[in-house]
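To start, the structure under review is shown below, and the notes come after it.
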Amino acid sequence: MSAWVSQFYASYSNIIDLCLLNSLIAYGLFLALSANMVSLATGGFMALGAYCSVYLTMELGVPFVAALLAGAILGALGAAVIGAPVLRLRGDYFMLATFAFTEVIRVIALNWDSVTGGAIGIVSIPRYTETWHLALAVIVMVYVVHTLRRSYFGRAIAAIKQDDVVAQSMGVNVFAHRLSLFIASGFVCGAAGALAAHLNYFVGPGDFGVVRSVDALTYPILGGVNSLAGPVVGAIFTTILPEALRFSNQLREILMGMLVVAIVLYLPGGAMSVLKLRWPRATSSGSKLAAPAGQAQP
């Protein structure tokens with residue numbers, strides 16, 4: 001059994017690492033989506049964490065753990081700087097502002113040759129990220145999200161998600177709660193960028209553009225933003241399917257597009273909502289059985 005596990009890991013270690021990394025990114029977006037913040041700033045946060053950690057490890061000789069923490073903190077600082085003004089925007093305006101942030105970071109990385117390597121990027125990055133690092137990070141995020149959802153903070157966020165005006169009238173500081181989640185999202189995505197940079201031996205501006213932000217946004221949406229396991233399910237499925245369809249790039253893009261459209265139209269709650277399809281039927285039938293004695297059943 002152990003030999004089979006070792007052989008399986010040796011064959012698919014890259015995909016396993018990518019699934020775990022994307023799951024971590026998905027939880028970063030999950031935090032923002034919990035308060036109805038559709039953010040395209042993921043690529044920018046990841047770029048901050050990646051370039052900061054790589055500079056510290058390769059140029060200054062800082063230990064990987066300290067560089068990882070510094071990259072995560074820089075991502076959180078970036079979220080705090082952009083969050084203070086843009087969180088007062090709503091809907092499409094907020095999304096466009098976060099998109100602009102990602103593009104600004106990408107252009108800076110493209111032109112700051114002395115630090116980022118410019119368009120060529122940085123190569124020969126030492127691989128410090130291991131599978132257990134990624135697995136531990138995902139487990140910690142699952143625990144943190146689960147704890148937050150059961151806390152007063154989580155109940156306040158749920159109220160904001162339902163109706164922020166009503167939540168504000170009930171004494172909930174909507175701006176402070178949203179800013180806290182946005183900073184936490186930046187922290188997680190910054191850490192993910194640092195882990196990704198020390199996993200792939202290479203980092204370049206093209207890795208953190210709007211495509212990365214859009215891909216990251218699909219993970220929790222496809223899995224389900226109302227389920228704790230939704231981000232993991234969406235990230236794993238969205239990672240494995242393109243690998244299975246690698247023989248045809250055109251077919252891969254077509255099927256992925258059709259999948260996103262189908263889930264948005266028929267499963268607005270995400271893939272995890274499939275498990276709850278039978279629950280309303282059981283409830284409705286149960287309500288009939290629970291009618292008072294002597295009352296005629298319809």
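The values are calculated or read from the model by the stated rules, or taken from the named source; none is laboratory data. Nothing here was measured: the structure is a model prediction, and the numbers come from that model. Here the Cβ positions follow ideal geometry from the backbone for every residue, glycine too, while neighbour counts run over all protein chains shown. Quick note on the areas: whole protein, heavy atoms, side chains included, nothing else; ligands and nucleic acids left out. Shrake-Rupley method; radii C 1.70, N 1.55, O 1.52, S 1.80 Å.
Charge tally for ALA32 (other residues, Cβ to Cβ under 12 Å; Lys, Arg +1; Asp, Glu -1): +2.
Among GLU59, GLU243, GLU130, what's the order by accessible area (1.4 angstrom probe), most exposed first? Spell out each step's value before the answer.
On the way: GLU59 125, GLU243 60, GLU130 95 Å².
Reading off the accessible areas and sorting them downward yields GLU59, GLU130, GLU243.
When +1 charges are put on Lys and Arg Cβ atoms and -1 charges on Asp and Glu Cβ atoms, the dipole computed for the chain relative to its Cα centre reaches about 1060 debye. If the elastic network links every pair of Cα atoms under 10 Å, which of VAL165, VAL65, VAL174 fluctuates the most in the Gaussian network model of the chain? Comparing VAL165, VAL65, VAL174 in the GNM, the peak value goes to VAL165.
When the helix-only estimate is applied to the chain (DSSP H runs of n ≥ 4, each -39,500 (n - 2.57), divided by the residue count), what is the mean residue ellipticity at 222 nm, nearest 500 deg cm²/dmol?
On the way: 13 runs with 214 residues, N = 298.
It comes out at -24000 deg cm²/dmol, rounded to the nearest 500.
Modelled spin-label separation between VAL214 and VAL65, with each label point placed 7 Å from Cα along the Cα-to-Cβ direction: 4.0 nm.
The residues packed around VAL138, meaning those with a beta-carbon under 14 Å from its beta-carbon, carry a net charge of -2 if Lys and Arg are +1 and Asp and Glu are -1. Considering only MET170, MET95, MET272, the Gaussian network model of the chain with Cα springs below 10 Å gives its largest mean-square fluctuation to MET170.
Taking a probe of 1.4 Å, how large is the accessible area per residue of region 15-138, in Å²?
Values: 5310 Å² over 124 residues.
For region 15-138, the solvent-accessible area averages 43 Å² per residue.
Which order do the peptides 204-210, 66-72 take when ranked by the mean count of other beta-carbon atoms within 10 Å per residue, highest first?
Numbers: 204-210: 19.7, 66-72: 22.9.
Listed from highest to lowest mean packing, they are 66-72, 204-210.
Ranking VAL211, LEU179, LEU69 by how far each Cα lies toward the positive end of the dipole of the chain (charges on Cβ) leaves LEU179 at the top.
Considering the values (1) 1.06; (2) 1.11; (3) 1.34, which represents Cα Rg over 2.2 N^0.38 Å as calculated for the structure under consideration? Derived directly from the coordinates: (2). Note: relative contact order over the chain, using C-alpha pairs below 8 Å and six or more positions apart, is 30 percent. Between the listed residues VAL123, MET58, ALA159, the Cα displaced farthest toward the positive end of the dipole of the chain, a dipole computed from Cβ unit charges relative to the Cα centre, is found at ALA159. In a shell of Cβ-Cβ distance under 15 Å around LEU21, excluding LEU21 itself, what net charge do Lys and Arg (+1) and Asp and Glu (-1) give? Around LEU21, the surrounding residues sum to -3.
Using a 1.4 Å probe on the protein chains only, how many percent of the accessible area of region 145-204 belongs to carbon and sulfur? C and S atoms contribute 63 percent here.
Can you classify region 42-110 as rounded, prolate or oblate using the Cα gyration tensor, where a ≥ b ≥ c are the square roots of its eigenvalues, rounded means a/c under 1.5, and otherwise it's prolate if a/b beats b/c and oblate if not? Please report the intermediate quantities before stating the final value.
Numbers: a/c = 3.84, a/b = 2.16, b/c = 1.78.
It is prolate, given that a/c is not under 1.5 and a/b is the larger ratio.
Under 1.5 on a/c is rounded, so check that first for region 78-191, then, if it is not, pick prolate when a/b is larger than b/c and oblate when it is not; a ≥ b ≥ c are the square roots of the alpha carbon gyration tensor eigenvalues. Could the numbers behind the result be given before it?
Working: a/c = 3.79, a/b = 1.46, b/c = 2.59.
Oblate, since a/c reaches 1.5 and b/c is not below a/b.
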